[in-house]
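Engineer: Just dropping this structure here.
Throughout, read-outs are computed from the coordinates displayed, never taken from laboratory work. Quick caveat, the model's predicted, so the values are computed rather than measured. Cβ atoms come from the backbone with ideal geometry, glycine included; neighbour counts cover every protein chain shown.
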Amino acid sequence: MIRIRKPDDFHIHLRQGPNLPAYLADAAGSFARALIMPNTLPPVNNPARLREYQQEISRAGEDLPDFQPLYTFKISGDITGEELEEMFRRGVTAGKYYPLGATTNAEDGVADHRNIFPVLDEMQNRDLVLCIHGEKPDSFVLDREKDFLPVLRDIRSNFPRLRIVLEHISTEAGIQAVQELGDRTAGTLTVHHLMRNLDHLLGGMLNPHLFCKPVLKTPGDQKALVDAAFSGSHRFFLGTDSAPHKRGDKECDCGCAGTYTAPVAIPALFQFFLEQGAIDKENTRLFQDFTSAHGADFYGLEKNRGELILENAPWKVPAEYHGVVPFLANSELQWRVL
């Protein structure tokens, strides 16, 4: 058995409604904390909606006292300073910038990043983190992240004290941008972007359960992500972007974007680190830093005190969790979470 510090997930979708308790429990099985995305319907973009969503998650997690949700709000140009102050008092950890039409429920996203500069200024003054879905939606699908990077650089130059996270990085260019932009810029990496590339999505049979945004990229991009995760750099850490959609909403004419990794993220990633030679059973420090330290440090949070136990005991990933096909469904993993 391997004991590690309890990990954090700095990007997760819990959705709403009757399945929220199950999705929450899947996350709490491996993570002490998770940063909850605000692109619900209606969105979490004002104090009233934040309070409602906090109450909904609190009710859903009554049997999970050791799990701590970290809340975000969806950024728009019409958020007032008073609203931001109230959300700040209610404990939001970050604001999330979605470009217009970039992903699920982003039809009300930001059309011009300069329109949200007053909000970003308020966030900088309160030392709130800016999380970014970094894609330019009207670009060719494989170029969307790369074409968004000038926006990232413009925000960085205008708000030098603002902590910024480029989320779910999918390209070598995204990795390089984070490396170039200084210590107040970081990036999250997902399990599926680290372990899979475009060939796994559509090189043989089409796998709709690997369709996500940003889409999986080339083997060269994948290698750049893996190198960043294995580098030990404190500016890269885990954000799974675990995003559940029911099987019928994925296996249809217009399938939803999102990969559900919460139930398997930690054992799959631990096995990947081992198989790639980044760690061994006697020294798991690199894995722990990536999953349990770098993100907490960047967000200014105390590191988790609890432990997670991983057991070397092969198991088969179920075909479904709660009607959702998970990442690595029907595959055998060598490690399981106790």
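Engineer: Projecting each Cα onto the charge dipole of the stretch 2-337 (Lys/Arg +1, Asp/Glu -1 at the beta carbon, about the Cα centre), which of Asn19, Pro99, Thr80 comes out farthest on the positive side?
Structural biologist: Asn19
Engineer: Please identify the GluC sites (Glu not before Pro) of the stretch 21-79 that satisfy two criteria: DSSP loop assignment and at most 12 other Cβ atoms within 10 Å. Which are they? All intermediate terms of the calculation are to be shown ahead of the outcome.
Structural biologist: Numbers: sites: Glu52, Glu56, Glu62; in loops: Glu62.
When the GluC sites (Glu not before Pro) of the stretch 21-79 are filtered for loop state and at most 12 Cβ neighbours within 10 Å, Glu62 remain.
Engineer: Are there any trypsin sites (Lys or Arg not before Pro) in the stretch 130-201 that are in a DSSP loop and have at most 11 other Cβ atoms within 10 Å? List them by number. Intermediate values should be presented prior to the final figure.
Structural biologist: Numbers: sites: Arg144, Lys146, Arg153, Arg156, Arg161, Arg163, Arg184, Arg196; in loops: Arg161, Arg163, Arg184, Arg196.
Taking the stretch 130-201 and a limit of 11 other Cβ atoms within 10 Å, the loop trypsin sites (Lys or Arg not before Pro) found are Arg161.
Engineer: Here is a follow-up. Given the chain, report the % of alpha carbon pairs whose separation exceeds 25 Å.
Structural biologist: Numbers: 27339 of 56953 pairs.
Cα-Cα pairs of the chain separated by over 25 Å account for 48 percent.
Engineer: Let me ask another. Counting only other residues whose beta carbon sits under 13 Å from that of Gly182, what net charge do I get with K and R as +1, D and E as -1? Let's see the in-between values first.
Structural biologist: On the way: positive: Arg153, Arg156, Arg161, Arg163, Arg184, Arg235; negative: Glu180, Asp183.
Around Gly182, the charge tally is +4.
Engineer: Which residue fluctuates most in the GNM of the chain (Cα springs below 10 Å): Gly295, Gly232, Gly187?
Structural biologist: Gly232
Engineer: May I pose another question? Suppose every K and R has +1 on its Cβ and every D and E has -1 on its Cβ; what is the size of the dipole of the chain about the Cα centre, in Debye to the nearest 20?
Structural biologist: Details: 36 positive and 46 negative charges, 90 e Å.
That gives the chain a dipole magnitude of about 440 debye.
Engineer: Rounded, prolate or oblate: which fits the stretch 172-280 when a ≥ b ≥ c are the square roots of the eigenvalues of the alpha-carbon gyration tensor, with rounded for a/c under 1.5 and prolate only if a/b beats b/c?
Structural biologist: Prolate shape, in that a/c is at least 1.5 and a/b is the bigger ratio.
Engineer: Test of understanding: in a Gaussian network model of the chain with alpha carbons linked when under 10 Å, which of Val165, Val226, Val264 would top the mean-square fluctuation ranking?
Structural biologist: The residue with the greatest mean-square fluctuation here is Val226.
Engineer: I've got another one for you. May I ask you to give the average projected area over all directions of the convex hull of the Cα atoms of the stretch 194-338, in nm² rounded to one decimal? Write down the numbers at each step before the final one.
Structural biologist: Values: hull surface 37.7 nm².
About 9.4 nm², averaged over all directions.
Engineer: Going by how many other beta carbons lie within 10 Å of each one, how would you line up Asp9, Asp63, Asp297, Asp221, fewest first?
Structural biologist: On the way: Asp9 29, Asp63 10, Asp297 15, Asp221 24.
Lowest count first: Asp63, Asp297, Asp221, Asp9.
Engineer: So how tilted is helix 117-126 from the main axis of the chain? Cα-based, degrees 0 to 90, rounded to 10.
Structural biologist: Helix 117-126 sits roughly 70 degrees off the main axis of the chain.
Engineer: Can you pick out the pairs among Lys213/Lys250; Lys6/Lys250; Lys74/Lys250; Lys96/Lys146 whose Cα atoms lie more than 21 Å from each other?
Structural biologist: On the way: Lys213/Lys250 13 Å; Lys6/Lys250 31 Å; Lys74/Lys250 25 Å; Lys96/Lys146 19 Å.
Pairs exceeding 21 Å: Lys6/Lys250; Lys74/Lys250.
Engineer: What's the magnitude of the charge dipole for the stretch 172-310 around its Cα centre, counting Lys and Arg as +1 and Asp and Glu as -1 at the beta-carbon? Answer in Debye, nearest 20. All intermediate terms of the calculation are to be shown ahead of the outcome.
Structural biologist: Working: 13 positive and 17 negative charges, 50 e Å.
With Lys and Arg at +1 and Asp and Glu at -1, about 240 debye.
Engineer: From Cα pairs below 8 angstrom and at least 6 apart in sequence, can you work out the relative contact order of the chain, rounded to a whole percent?
Structural biologist: On the way: 671 pairs, mean separation 63.5, N = 338.
About 19 percent, as a whole number.
Engineer: I've got another one for you. Starting with the fewest neighbours, write out Lys217, Lys316 ranked by other beta-carbon atoms found within 10 Å of each beta-carbon. Let's see the in-between values first.
Structural biologist: Details: Lys217 25, Lys316 11.
Listing Lys217, Lys316 from fewest to most nearby Cβ atoms yields Lys316, Lys217.
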